[in-house]
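A short write-up of the structure that comes next.
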Amino acid sequence: MFCPKCAENTYVKYTENGIIRRRYRQCISCGYRFFTVEAIDSDSYWDDYKNITKEYINPPKKEKTLFDL
Ligand SMILES: [Zn+2]
């Protein structure tokens, strides 16, 4: 995770476990402190992700446009 202020790397100071996992982070460079949240998302999101990845690897054949002639 990158620092929202200076885009440098951050490290995890403390993790709160639960249904939602909260990580307290601090920037290595500027010392800015913030927290991130990790939560379970639904399966449908994973299906969308797989479809998007498939399209990216095997892009659908493009129709010819006026610029290709
Ligand atoms: Zn920073």
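Filtered by the rule that a residue be hydrophobic (A, V, I, L, M, F, W, C) and within 16 Å of the ligand (Cβ to nearest atom), region 1-51 gives Met1, Phe2, Cys3, Cys6, Ala7, Val12, Cys27, Ile28, Cys30, Phe34, Phe35. Of all the residues in region 21-54, those that are farther than 16 Å from Met1 by Cβ and among the aliphatic types (A, V, I, L, M) number 2.
A short reminder: the numbers here are calculations on the coordinates, not readings from a lab. In this text, all values refer to a predicted model and were calculated from it rather than measured experimentally. In this analysis, Cβ positions are derived from the backbone assuming ideal geometry, glycine residues included, and neighbour counts consider all displayed protein chains.
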